[in-house]
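I have placed the structure first, in the form of structure tokens, so that the comments after it can refer back to it.
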Amino acid sequence: MSGISQATGILAARDGVWEAVEAATAHRGVDIDRYYAPPAEILATRWVAMEDVSVDPDLVNIGPRRQFDESIRVGISVGAWVAASGNREADGRAAFDAAYGILAEIQTHITQTDITLGGAVLWCLPGSMSTAGVQDPEGGGYVVEIQTEFVCAHRVRPT
């Protein structure tokens, strides 16, 4: 829940989200690729990749012994590709459903099973997200990617 530096808090939050991703998607086995760091190219039909991590310290409300709270934002990318069936609308819908289904599993695991990420943070909740979907220009299918983040509360106690 607290650490001696921002660096330890950021890494603990990132690792906590990663462990939640693995736990929430374990039932999918090899049907989903998981990346601790985003690869140069994703070839899987379902995936989750860890993205950027940022921290916003609340230094206005610094406490005794220089302790302060901070918000850590852990980004992830969730995606799905669906092969073309001849029905563009159905292909798009299937890709969106698959990607949001994976994200829902991760969000549910964190918010209902492990909101402190194994004690790494005070709490962790879903944050902002954006979605993009596109049909393969060669007609091979439809791909959807969700860029989302989890916002974690952490207390730094340097002494």
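The values are calculated or read from the model by the stated rules, or taken from the named source; none is laboratory data. If you're wondering where the values come from, they're calculated on a predicted model, not measured in any experiment. Cβ sites come from the backbone with ideal geometry, for glycine too, and all protein chains shown count toward neighbours. Protein only, heavy atoms only, side chains kept; ligands, DNA and RNA dropped before computing areas. Shrake-Rupley method; radii C 1.70, N 1.55, O 1.52, S 1.80 Å.
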Legend entry - Positive-end residue, the chain charge dipole about Cα centroid, Cβ charges, pick of Cys152, Tyr100, Trp81: Cys152
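I want the local charge near Met129. Using Cβ-Cβ distances under 13 Å, sum +1 for each Lys or Arg and -1 for each Asp or Glu among the other residues.
Net charge around Met129: -2.
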Legend entry - Over the chain: helical MRE at 222 nm, DSSP H runs n ≥ 4 each giving -39500 (n - 2.57), nearest 500: -10000 deg cm²/dmol
Legend entry - Karplus 3J(HN,Hα) series, Hz, for the stretch 72-78 with 6.51 cos²θ - 1.76 cosθ + 1.60 (x for Gly, Pro): 10, 10, 10, x, 9, 10, 10
Legend entry - Per-residue SASA entry for Glu19, accessible area with 1.4 Å probe, Å² rounded to 10: 120
Inset, instruction - Indicate, rounded to the nearest 5 percent, the antiparallel portion of the DSSP beta bridges found entirely in the chain. - result: 90
Inset, instruction - Treat every Asp and Glu Cβ in the stretch 1-94 as -1 and every Lys and Arg Cβ as +1, leave all other atoms uncharged, and give the resulting dipole magnitude about the Cα centre to the nearest 20 debye. - result: 80
Legend entry - Within-14-Å neighbourhood charge of Val144 [Cβ basis; K, R +1; D, E -1]: -2
Inset, instruction - Please work out how much length the chain gains when fully extended from Ser130 to Gln147, using 0.36 nm per residue of separation minus the C-alpha to C-alpha distance, in nm with one decimal. - result: 5.6 nm
Legend entry - Candidates Gln147, Gln67, Gln112: whichever shows maximal mean-square fluctuation once the chain is modelled as a Gaussian network with Cα springs under 10 Å: Gln112
Legend entry - Chain lengthening between Ala40 and Thr116 when straightened (0.36 nm per residue, less Cα-Cα): 24.3 nm
Inset, instruction - With N denoting the number of residues in the chain, provide Rg(C-alpha) divided by 2.2 N^0.38 Å, to two decimal places. - result: 1.18
